[in-house]
Amino acid sequence: MTLFNPEDCLILVVDDVKLNLQVIANILDQVGYEYTLVSNGSQALERVKSAHPDLILLDLMMPEMDGLEVCEQIQSNPELSEIPIIFISASKEQDHLLQAFEKGAVDYMVKPFHTAELLARVRMHLELKYSRQKLKKLLHEQGELVKKLEKLANTDPLTEIWNRRYLLMIAEQEIKRSQRYYLPFSVLLIDIDYFKRINDTFGHSIGDEVIIFMTKTVFSCLRQVDSFGRFGGEEFVVLLPETDIHGAIIVAERIRENINNQYIFVGEKKVSITVSIGIASYNSTDKTIDTIIQRADKALYQAKNQGRNRVIADN
């Protein structure tokens, strides 16, 4: 199976002898390659930057700037370094051959060469380049797919915040860090007040909009180091690393006030919501995250019993 179309391939030919340029051009014409010709190293560097050829046929022995220097400068440029370079030289010295490969050449041909051999090597290196590019693209696509799968596995599909499983994993890491370094750590348990009433009155699609609105509002109140996830239904959890109970109360009140002072439109009608928030902070008796969440849940229950739209901290 053909990996590429020669007519789509541009080859830069560099040689200080015009006859050599014409000979190689005639050979490339036989297959249909596109080509561009230059007669010295400086021109070669300018042309490779402007044309971005697919392959370079480079003379080794040239005045002013030889092929080795041209090759070295091309290889030092990250945008050009993947262009395969085949040296063509009358020199049979082993030192020249070794230097060519040390500078980054992929092949070395000695003049005079056979037409079939030149075309075979050009084709081989173009196919290798094409295969590398295809593999690189496939690996990139695979990496993007893995990221998408990880996101699907770790996030809530409606809000795109962490799901319960992943948030609990983060929480376990945070409590271990607090235990090791004696750092404060707080948890907020947030519940949307009268959410069932919203669903029953306006429908579940509006209920989803309310959840998304609430999620964005909470996000705007958090730091980059904080973690936020959906525990299920209308219940959400915020993890506040290196934050004691007093700092957590400040964050929770900011969240509650911001949500209380905003609304969303349902048709021409404004719909406002409130949240109740329970808070618990890590102490030395907490062995797992479950005990902290249970205390935050107890505080949340008290907030709801005391009239909702309020923050209660576990003491």
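What the table below lists for this structure:
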| read-out | value |
| --- | --- |
| Residues that are part of a helix (DSSP H, G or I) and open to solvent by 80 Å² or more (accessible area, probe 1.4 Å), drawn from region 170-211 | GLN173, LYS176, ARG180, TYR181, LYS196, ARG197, ASP200, THR201, HIS204, GLU209 |
| Per-region count, region 80-101, residues in contact (Cβ under 8 Å) with a residue 24 or more places away in the chain and in a loop (DSSP other than H, G, I, E, B) | 6 |
| Cross-chain or 6+ apart pairs with Cβ under 8 Å, region 168-180 first and within 16 Å of THR285 (Cβ to Cβ), then at pLDDT 90 or above and of a type in the set (Lys, Arg) | none |
| Residue among ILE289, ILE250, ILE277, ILE255 that is surrounded by 22 or more Cβ atoms within 10 Å (Cβ to Cβ) and over 27 Å from SER205 (Cα atoms) | ILE289 |
| Test: residue in region 259-269 that is of a type in the set (Val, Ile, Thr), within 36 Å of the chain's Cα centre (by Cα) and exposed (fewer than 14 other Cβ atoms within 10 Å of the Cβ) | no |
| Any hit, region 119-137, residues being aromatic (Phe, Trp, Tyr) and over 15 Å from CYS9 (Cα atoms) | no |
| Selection count, region 1-58, where residues are touching a residue at least 24 places away in the same chain (Cβ under 8 Å), of a type outside the set (A, V, I, L, M), under 23 Å from LEU97 (Cα atoms) and open to solvent by 10 Å² or more (accessible area, probe 1.4 Å) | 5 |
| Where a residue in region 198-216 is under 15 Å from GLY229 (Cα atoms) and its partner, wherever it lies, is buried (at least 16 other Cβ atoms within 10 Å of the Cβ) and among the hydroxyl-bearing types (Ser, Thr, Tyr), with Cβ under 8 Å and at least six apart | ILE211/THR159; ILE212/THR159; THR215/THR159 |
| Residue that is in a loop (DSSP other than H, G, I, E, B) and at pLDDT below 95, where the choices are ASP286, ASP290 | ASP286 |
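The values are calculated or read from the model by the stated rules, or taken from the named source; none is laboratory data. This one's a predicted model, so the numbers in the text were calculated from it and none came from an experiment. Note: ideal-geometry Cβ built from the backbone for every residue, glycine included; neighbour counts use all protein chains shown. These accessible areas exclude ligands, DNA and RNA; they are computed on the full protein's heavy atoms, side chains included. Shrake-Rupley method; radii C 1.70, N 1.55, O 1.52, S 1.80 Å.
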